[in-house]
Every structure is written in C-alpha cells, then in structure tokens.
Amino acid sequence: MKGQSFVGTVSLGINNIYTVITDTGKVECRIKGKVLKGEKVYNPLTVGDRVEVEPDTHDAGKGLILKRFERKNVFSRYNRKRNAPQVILANVDVLACITSWSSPPFRPRFLDRVLIAAAIGDLEPVIIVNKSDLSADSESVARINIYREIGYRVLFCSALSGEGIDMLREEMRTQVWGFLGQSGVGKSSILNALMPGLDAETGAVSKKHDRGSHTTCYAAMFSRDDLTLIDTPGIREIDICGIEAMDLGYYFREFQPYVGNCDFSPCLHDHEPGCRVKEAVEKGLIHPDRYESYLRTLAQLQGETGSTQAKG
Ligand SMILES: Nc1nc2c(ncn2[C@@H]2O[C@H](COP(=O)(O)OP(=O)(O)OP(=O)(O)O)[C@@H](O)[C@H]2O)c(=O)[nH]1
Ligand SMILES: [Mg+2]
Ligand SMILES: [Zn+2]
C-alpha cells in the first residue's frame with residue numbers, strides 16, 4: 001500500500017539523491033522512474049524546487065519524487081560541457097548577487113551577466129558588496145554607483161567585521177534568499193555570520209591569483225528562525241541562455257527608454273544606423289562599460305565567442 005503523498009522543498013541534491021524538507025522533517029528522495037526525464041536540461045531538479053513526494057512505507061525517512069511543481073522563478077546558465085541549460089536555484093523571493101570590494105576584485109562584467117540571468121529567470125536582484133572592511137579602488141566605487149543609478153538596490157556588509165549583517169538579517173526576514181556570486185566573495189561567510197554556529201565551510205582567496213578556491217561544492221538551503229537562504233557554489237563564468245540575441249537589450253534596465261525606438265526593427269543595437277541605444281551611449285546616458293557588457297553578451301548569444309569569464 002502506498003502512503004499519502006506530500007509536498008516539500010528540495011534543500012540539497014547530490015548524485016540524484018534529493019533532500020526534501022517537509023512540515024514534519026527531512027526526507028531523502030530519488031526521482032520516480034521516468035518522471036522529469038523528458039526535459040533537455042542538465043539537472044531536472046534544483047534547490048528550492050517544490051516537489052510532490054510519495055513516502056516509502058517501509059522507511060519514513062525515504063521517498064520518491066513524483067513531480068515538480070511549476071517554478072515561480074529560476075536562475076539558469078548555459079552549461080557548455082553538457083550543451084544544456086543548468087538551473088542553479090529556484091523559487092526565491094530575492095536573489096542576492098554577492099560581490100566583494102576586493103579579494104577577489106569587483107568584476108562588473110560578471111555582475112552584469114548575473115543581473116541579465118536574474119531578469120530572464122524573473123528574479124528580484126539585490127546587489128550585496130561584501131568585505132566592506134577592505135578598501136576599494138575609486139573605479140569600483142564609481143562602477144557600483146552606476147548600478148544604483150540604474151535602479152538596483154545595493155547593500156554593503158562585512159562578514160568579517162559584522163558590519164551590515166544585522167541590517168541584512170532584517171531585510172531577509174520571512175523571505176527566501178538565494179546567494180550567488182564568484183568564488184571567494186564570501187557567500188558562505190555571510191551565511192555563517194547570519195546563522196552563528198552553523199560553520200559552513202569557507203576557503204581562503206588565493207594570494208597569487210586573487211580568486212576564490214571553490215570551497216562550497218553543492219547548493220544547499222538553510223533555515224533558522226525566520227531566515228531561509230540558499231548558498232551556492234562560486235560560479236566562474238555565465239553563459240546566458242533562454243533568450244534570443246535580438247531581445248538582449250530588454251534585460252539592461254537603463255536601455256528601456258531606447259530599445260523599442262530604433263530605426264531598424266529588430267535592432268541588435270550593434271552596427272545599425274539610427275540606433276537609439278548607441279545614441280544614448282554617445283550622449284553619456286548609458287555607461288560605455290555597460291554597453292560593452294551588452295556587446296560581449298550579444299556576441300556570446302550569437303555564438304561568436306565563448307562566455308565572458310569573471311575577467312574585466
Ligand atoms: N576581509 C574579509 N574577508 C572575508 C569577508 N567575508 C569572507 N571573507 C574571506 O573570504 C574568503 C572566502 O570566503 P567564502 O565564504 O568561502 O567565499 P564563498 O563566496 O562562499 O566562496 P565559494 O564557496 O568558493 O564560492 C575566506 O577566507 C573568508 O574568510 C569579509 O567581509 N572581509
Ligand atoms: Mg561558499
Ligand atoms: Zn538599436
């Protein structure tokens with residue numbers, strides 16, 4: 001006899017074994033038979049997914065996943081090795097795009113890619129600049145200000161000194177947050193600062209290469225009191241997927257007044273004459289570096305170049 005099925009949230013997935021959190025505790029699950037096999041994706045389930053589970057009648061701690069409920073939002077990137085989209089997390093109220101002032105250096109082009117993927121996946125982004133205890137170069141400060149000017153929320157904190165952590169905790173109450181960013185920016189350190197005693201593993205930033213050591217290996221959901229967040233492994237590169245090249249301009253917030261008004265339609269805002277986006281760049285209404293980010297991502301979508309790594 002089968003037990004009564006129930007609904008839960010995937011909090012961890014390793015080697016096709018998923019931990020599902022339910023009202024009554026954690027259940028270790030596999031996906032039942034061919035369920036979810038039809039989709040051409042790298043991973044059929046991700047942390048944050050809501051699923052229906054059939055309990056194992058012989059073992060209360062085990063079950064089978066019968067279906068995945070529709071996602072309200074999702075963060076994905078294109079996985080070139082597998083030639084398919086890879087879903088990194090789903091169903092969060094806020095996507096924290098975590099960066100650091102330095103060590104590793106602030107990488108606006110990488111952040112631009114995160115923000116594009118967030119917009120495609122219908123996620124509400126907040127930019128978090130960690131390591132506020134370290135000094136920042138004036139270029140990074142100016143670049144961060146641009147994100148504010150174009151309407152992104154930017155929060156500052158230091159997992160090390162504790163500055164800004166109480167404010168972050170206040171912001172996060174009763175919502176589910178996803179933490180995303182390059183390795184070494186301090187995602188797991190912020191998690192530890194928010195949930196003292198959790199002791200999630202953190203790893204030093206390489207002095208030689210000034211980049212993180214890819215310490216966190218799996219995305220995982222953590223809950224305590226009224227905080228719930230998903231910590232994820234550091235991402236080295238983001239290839240955008242799920243949109244056509246000609247729609248990319250719609251994912252740059254400050255392009256919005258111009259994208260629909262070019263002389264050519266559709267316009268790639270690249271080499272076309274009478275392009276309102278290019279005019280706005282020339283007039284200083286769009287920052288040239290954001291436009292450069294646009295052009296590089298456009299080239300990636302057109303298959304001309306690989307992904308922009310966390311460089312530049
Ligand atoms: N100075 C300073 N160092 C910090 C701060 N937060 C984290 N670190 C250090 O930065 C390094 C990387 O921190 P992690 O928390 O492991 O970074 P992560 O983003 O989780 O990295 P991955 O798991 O590899 O993606 C560690 O040595 C931390 O001690 C901070 O606010 N200030
Ligand atoms: Mg980590
Ligand atoms: Zn145009």
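Taken together, the values in this text are just the output of simple stated rules run on the coordinates, not laboratory data. Predicted model, so just to flag it, every value in this text is computed and none were measured. Positions of Cβ are backbone-derived with ideal geometry, glycine not excepted, and every protein chain shown enters the neighbour counts.
State to the nearest 20 debye the size of the charge dipole of the chain about its Cα centre, where the only charges are +1 on K and R beta carbons and -1 on D and E beta carbons.
Numbers: 39 positive and 40 negative charges, 192 e Å.
Roughly 920 debye, rounded to the nearest 20.
When the convex hull of the C-alpha atoms of the stretch 69-141 is computed, what volume per residue in Å³ does it have? Working shown, then result.
Values: hull volume 7.6 nm³, N = 73.
Each residue corresponds to 104 Å³ of Cα convex hull volume.
Give a residue-ordered list of calculated ³J(HN,Hα) values for the stretch 164-178 (Karplus: 6.51 cos²θ - 1.76 cosθ + 1.60, θ = phi - 60°; whole Hz; x for Gly, Pro).
Values per residue, Gly and Pro as x: x, 6, 5, 5, 5, 4, 4, 4, 7, 3, 6, 10, 9, 10, x Hz.
In the chain, with Lys and Arg counted as +1 and Asp and Glu as -1 at Cβ, which of these residues, VAL20, ALA193, SER135, has the Cα nearest the positive end of the dipole, that is, farthest along it?
Highest projection toward the positive end goes to VAL20.
As an exercise, find the ratio Rg/Rh for the stretch 245-309 from alpha-carbon atoms, using the Kirkwood inverse-distance average for Rh.
Details: Rg = 11.1 Å, Rh = 11.8 Å.
Answer for the stretch 245-309: 0.94.
Which one, SER158, VAL126, ALA204, is farthest towards the positive end of the dipole of the stretch 74-238 when Lys and Arg carry +1 and Asp and Glu -1 on their Cβ?
Comparing the listed Cα positions along the dipole, ALA204 ranks first.
Please report the antiparallel percentage of DSSP beta bridges with both residues in the chain, rounded to the nearest 5. Provide the component values of the computation, followed by the final result.
Working: 35 of 56 bridges.
Beta bridges within the chain, antiparallel portion: roughly 60 percent.
Ranking ASP247, ASP56 by Cβ neighbours within 10 Å, fewest first, what do you get?
Working: ASP247 13, ASP56 17.
Ascending number of Cβ neighbours within 10 Å: ASP247, ASP56.
Return the single residue from GLN86, GLN300, GLN256 with maximal mean-square fluctuation; model: Gaussian network over the chain, springs between Cα atoms under 10 Å.
GLN256
So in the stretch 140-291, what percent of DSSP beta bridges are antiparallel if you round to the nearest 5? Intermediate results must be reported in sequence, preceding the final value.
Values: 6 of 9 bridges.
Roughly 65 percent of the beta bridges in the stretch 140-291 run antiparallel, per DSSP.
Amide H neighbours of ARG153 under 5 Å, counting only residues 5+ apart in sequence or on other chains, H built in-plane at 1.01 Å?
When sequence neighbours closer than 5 places are left aside, the close amide H contacts are ILE127.
So if I restrict to the alpha-carbon atoms in the stretch 173-260, what is the Rg, and what is Dmax, the biggest pairwise distance, in Å?
17.0, 51
Using θ = phi - 60° and the Karplus form 6.51 cos²θ - 1.76 cosθ + 1.60, what ³J(HN,Hα) does each residue of the stretch 224-237 get, whole Hz, x for Gly and Pro?
With coefficients 6.51, -1.76 and 1.60, one gets 8, 6, 9, 10, 9, 9, 10, 9, 10, x, x, 9, 8, 8 Hz.
Which percent, nearest 5, of DSSP beta bridges in the stretch 74-238 are antiparallel? Show your work: numbers first, answer last.
On the way: 12 of 29 bridges.
Once the DSSP bridges in the stretch 74-238 are tallied, antiparallel ones form about 40 percent.
Give the angle, between 0 and 90 degrees and rounded to the nearest 10, that separates the Cα long axis of helix 288-301 from the longest principal axis of the Cα atoms of the chain.
It works out to around 60 degrees.
Just the Cα atoms of the chain: what Rg and Dmax do they give in Å?
When restricted to the Cα atoms of the chain, Rg and Dmax are 20.7, 71 Å.
Students often get this wrong, so check it: of LYS131/LYS208; LYS34/LYS72; LYS187/LYS278; LYS131/LYS283, which have C-alpha atoms separated by over 27 Å?
Numbers: LYS131/LYS208 19 Å; LYS34/LYS72 23 Å; LYS187/LYS278 36 Å; LYS131/LYS283 34 Å.
In this structure, LYS187/LYS278; LYS131/LYS283 lie more than 27 Å apart at Cα.
Starting at the first residue of the stretch 98-111, write each ³J(HN,Hα) from the Karplus equation 6.51 cos²θ - 1.76 cosθ + 1.60 with θ = phi - 60°, in whole Hz, x for Gly and Pro.
8, 10, 9, 4, 7, 6, x, x, 5, 10, x, 5, 5, 4
So what is the diffusion coefficient of the stretch 1-87 in µm² per second by Stokes-Einstein at 10 °C and 1.306 mPa s, using a Kirkwood Rh over Cα pairs?
On the way: Rh = 13.4 Å.
Calculated translational D: 118 µm²/s.
Hey, got the Cα dimensions of the stretch 1-149 along the principal axes, in Å, largest first?
67, 33, 24
Return the FRET efficiency for the residue pair VAL154, ASP23: r is the Cβ-Cβ distance, R0 is 35 Å, and the value is rounded to the nearest 0.05.
Numbers: r = 36 Å, r/R0 = 1.03.
It comes to 0.45.
Given the Cα-Cα distance of HIS58 and ASN83 and 0.36 nm per residue of separation, how much length would full extension add, in nm? Don't skip to the end; give the middle numbers.
On the way: separation 25, 0.36 × 25 = 9.00 nm, distance 3.92 nm.
Between HIS58 and ASN83, full extension yields an extra 5.1 nm.
Would you be so kind as to identify which of ALA96, TYR147, ASN261 lies farthest towards the positive end of the dipole of the chain, taking Lys and Arg as +1 and Asp and Glu as -1 on Cβ and the Cα centre as origin?
It is ALA96, whose Cα lies furthest towards the positive end.
Of LYS37, LYS278, LYS131, which has the largest mean-square fluctuation in a 10 Å C-alpha GNM of the chain?
Checking each option, the largest mean-square fluctuation is seen for LYS37.
Show that you can apply the helix-only estimate: for the chain, add -39,500 (n - 2.57) for every DSSP H stretch of four or more residues, divide by all residues, and state [θ] at 222 nm to the nearest 500.
Values: 7 runs with 66 residues, N = 312.
When only DSSP H runs of four or more count, the value is -6000 deg cm²/dmol.
Obtain the nm distance between the two label points defined at SER161 and PHE6 by a simple spin-label model: each point lies 7 Å from its Cα along the Cα-to-C-beta direction.
Those two pseudo-labels are separated by 4.6 nm.
Would you mind checking which residues have amide H under 5 Å from ARG211's amide H? H placed 1.01 Å from N; only 5 or more apart, or other chain.
Counting only residues 5 or more places away or on other chains, the set is SER206.
Have a look at PRO125, PRO288, PRO104 and tell me which one the Gaussian network model of the chain (Cα, springs below 10 Å) gives the largest fluctuation.
Greatest mean-square fluctuation among the candidates belongs to PRO288.
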